[in-house]
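Notes to accompany the following structure.
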Amino acid sequence: MEIRTETDADRPACLKVVTVAFAKDDGLEPSETNLLRELFESAAYMPDLSIVAESGGAVVGHVISTRATIGGQPSLGLGPIAVTPRLQGQGVGSALMQASIERATVADESTIVLLGDPDYYERFGFVRADVLGIEPPEAWGRHFMVLPLSDGPLPQGSFAYAAPFRSL
Ligand SMILES: CC(C)(COP(=O)(O)OP(=O)(O)OC[C@H]1O[C@@H](n2cnc3c(N)ncnc32)[C@H](O)[C@@H]1OP(=O)(O)O)[C@@H](O)C(=O)NCCC(=O)NCCS
């Protein structure tokens, strides 16, 4: 498996992976698909932080982090992340998370923020964000998580995802 930066040519495959990974029984396109479509076109898109997992010549996983803010200071919002269902539970998601964290650290980013299941994200060092002075736009409770990337003071205040998240 190769972990590499997404290219324009990968985008249909990334959208497909997200669609099947988030599919529900209703047969409708999950909201995460259009979110990703809009993030690809957004001013908040950061090329190095859109990362694919490729296996056997096919995209089998994708993660994207985009420009977000905490109290007006730069942060990253991670998501969506998705792995092809038949390959879930084999470390692909972890490899994508590790690559995101490494790249964000090298880029001197302060924080990565996400909304997700603590049982999954705590293993990468994410902790509950609101107790560290980062305010969610809604009552997201323990699912609102942050990974501090340096020892310096954390940005404080209201968290805002990239615009496409706000129309979800
Ligand atoms: C979440 C996801 C990206 C993880 O990728 P993956 O390749 O399956 O993950 P890994 O193989 O690296 O890790 C598997 C571990 O994560 C756990 N896990 C996977 N999804 C989880 C979830 N939603 N909540 C809690 N734990 C989860 C598995 O139980 C497994 O635990 P173990 O290591 O203790 O056995 C993938 O399962 C997926 O695409 N899910 C559907 C889309 C989704 O829910 N995205 C995240 C929204 S927050």
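Being open to solvent by less than 10 Å² (accessible area, probe 1.4 Å) and polar (S, T, N, Q) is the filter here; which residues of the range 66-102 pass it?
Thr66, Ser75, Ser100
Name the single residue, out of those in the range 76-95 being more than 7 Å from the ligand (Cβ to nearest atom) and under 12 Å from the mean Cα position of the chain (by Cα), that is farthest from Thr19 (Cα to Cα).
Among them, the one singled out is Leu76.
Enumerate the pairs (first residue in the range 31-43 and within 18 Å of Thr69 (Cβ to Cβ) and at pLDDT 95 or above; second residue anywhere and surrounded by 17 or more Cβ atoms within 10 Å (Cβ to Cβ) and hydroxyl-bearing (Ser, Thr, Tyr)) with beta-carbon separation below 8 Å, excluding pairs fewer than 6 apart on the same chain, so at least 6 apart or on different chains.
Leu39/Tyr45; Leu39/Thr66; Ser42/Thr66
Check whether at least one residue in the range 29-47 is assigned to a helix (DSSP H, G or I) and small (Gly, Ala, Ser), and report yes or no.
yes
So is Pro137 in a loop (DSSP other than H, G, I, E, B) and surrounded by fewer than 16 Cβ atoms within 10 Å (Cβ to Cβ) or not?
Considered against the rule, which asks whether it is in a loop (DSSP other than H, G, I, E, B) and surrounded by fewer than 16 Cβ atoms within 10 Å (Cβ to Cβ), Pro137 comes out as yes.
Which one of these does Val59 not meet: (1) within 8 Å of the ligand (Cβ to nearest atom); (2) over 24 Å from Tyr161 (Cα atoms); (3) of a type in the set (Val, Ile, Thr)?
(1)
Could you tell me how many of the residues in the range 103-119 are touching a helix residue (DSSP H, G or I) at 6+ places or on another chain (Cβ under 8 Å) and open to solvent by 20 Å² or more (accessible area, probe 1.4 Å)?
Number of matching residues: 2.
Note down all Cβ pairs under 9 Å where the first residue falls in the range 1-25 and is free of Cβ contacts under 8 Å to residues at least 40 places away in the same chain, the second is open to solvent by 90 Å² or more (accessible area, probe 1.4 Å) and not in a loop (DSSP other than H, G, I, E, B), and they're at least six residues apart or on different chains.
Arg11/Arg37; Leu15/Arg37
The values are calculated or read from the model by the stated rules, or taken from the named source; none is laboratory data. No experiment lies behind these values; they were computed from the predicted model shown. Positions of Cβ are generated from backbone atoms using ideal geometry, with glycine treated the same way; all protein chains shown enter the neighbour counts. The area values use the complete protein model at the heavy-atom level, side chains included, leaving out ligands, DNA and RNA. Shrake-Rupley method; radii C 1.70, N 1.55, O 1.52, S 1.80 Å.
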